[in-house]
Structures are given as structure tokens and as C-alpha cells.
Amino acid sequence: MANGGEERSTVMGEDFEAVLTGVGPRLRAIRQQYGTTLAQLSEQTGISVSTLSRLESGGRRPTLELLLPLARAHGVALDELVDAPPTGDPRVRLRPFVRHGWTYLPLARSLGGMQAYKIVVPVGDSRENCEQRTHEGHEWLYVLSGELLLKLGEYEAVLKAGEAAEFDTRTPHLFTNAGRVPVEFLSLFGPQGERVHVRARTAERAGRAAD
């Protein structure tokens, strides 16, 4: 019969292996979140494309030598990249990070499934004339303040505070600041095509609820 120390050691080992197993899918999810290719990530980190591919598929065991440059390239803390279990304080403390002048505040810990961010785009952002991009997934935007220019192929619109939009990210798209003040918006992104479902009561149902 195993003693208490051996049992704890076994559980800790299983938890550690579970953390390592989850690294690959999180690496793929965050790369796809920003529409970065393996080749582009390889140039940023100096890690070969084949090694990056094996990391994401679970064929290569993650090490600090590999994870540190990936965390820097993605602009996330190492503990968020590996989704290390929280200790002590149970509150989730997610730190904002900056990419290409945009400030991102993660609103959820997990890098798999639906992703949620508050994003701040400064005045004078120069992406309006950049090439539109495509990638797998579905995105929902809600403008909190300022004006956001959204381009979807040949279509474009300026979203103001209180307005929202959602679209399949396989459609060529681009968004940037369209006003004279920073624009703040919420972004919900499903890398596997998850969609946002918003429910609203009809007038009849609202009337019944008020009775």
C-alpha cells in the first residue's frame, strides 16, 4: 500500500503532466488568435517551424528554452502560457499587454475555446491601409467608447459606442481607430468558429415578466 507521501507525489506528477499536455493546444490557440503563421512565429523566436508544429501537436515536450521566447513573442506571461494552477489568492489576475501599439486586457484565463479581451487602440493607428487578413474562427466586437473602423472585404462601417458586429474571420477583415480619441472595445473570439448567442426578451415576454 502506498503511503501518504507517495500518493501526493503521484497526484502532483499527474497534475504536472496535465499542465504540459495542455500547453500545445494553448500555443496553437493564441497563435491563431493573432493570425500568426508558424513561419512568422519561427522568425520571431528563432525556433524552427518543425519544432513549433510538434509543440502544438504534443509531439515535443515543452521546455523553458522553448516557452520563454514564445511567451515574449505572444506578449503573455509564462504562467498564463502554461496555465499554471493558481495558488493562495483564488482571484484571477490577468495583466494587460501591448502588441503593435494596441493594449490588450485579457478577460479570461484559458487560451482554448472562446477568448475575451478589452482592447484599446490609440489615436493615429495606421492600419487602415494595411492588407486585410483571414484565419479560422468567429469574432464579435462591441465598442465601449470612440469609433472603430471595420472593414470586411469590400464592406466597411464605422462602429460607435454601444454598437456591435460579428463576422466569420475567414472573411478578409481589418479594424482600426476611426476617430480622434482612443477607441475601446470588447472582442470575443472563437478560434474554432464558436459564436456569441445574445438573448433578448420580446415585448410580450417582457410584459408578462412585469405583471
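The values are calculated or read from the model by the stated rules, or taken from the named source; none is laboratory data. The structure presented is a predicted model; accordingly, all values stated were derived computationally and were not measured. Note that each Cβ is placed from the backbone with ideal geometry, even for glycine, and that neighbours are counted across all protein chains shown. For accessibility, only protein heavy atoms count, side chains too; no ligands or nucleic acids. Shrake-Rupley method; radii C 1.70, N 1.55, O 1.52, S 1.80 Å.
For region 143-170, the tally of residues that are of a type in the set (A, V, I, L, M, F, W, C), open to solvent by 30 Å² or more (accessible area, probe 1.4 Å) and either more than 20 Å from the chain's Cα centre (by Cα) or closer than 20 Å to residue 129 by Cα (or both) stands at 3. I need a count of the residues in region 161-189 that are aromatic (Phe, Trp, Tyr) and not in a strand (DSSP E or B). Residues meeting the conditions: 0.
Residue-by-condition table, conditions (1) modelled with pLDDT of 90 or more; (2) surrounded by 15 or more Cβ atoms within 10 Å (Cβ to Cβ); (3) not hydroxyl-bearing (Ser, Thr, Tyr):
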{"residue": "172", "(1), (2), (3)": "yes, no, yes"}
{"residue": "186", "(1), (2), (3)": "yes, yes, yes"}
{"residue": "194", "(1), (2), (3)": "no, yes, yes"}
{"residue": "199", "(1), (2), (3)": "no, no, yes"}
{"residue": "210", "(1), (2), (3)": "no, no, yes"}
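Residue 155 fulfils the conditions (1) within 24 Å of residue 32 (Cβ to Cβ); (2) touching a strand residue (DSSP E or B) at 6+ places or on another chain (Cβ under 9 Å); (3) modelled with pLDDT of 85 or more except for a single criterion, (2). Counting the residues of region 87-105 that are small (Gly, Ala, Ser) and at pLDDT 50 or above gives 1.
With respect to the conditions (1) on the phi < 0 side of the Ramachandran plot; (2) modelled with pLDDT of 90 or more, residue 162 falls short on a single one, namely (1).
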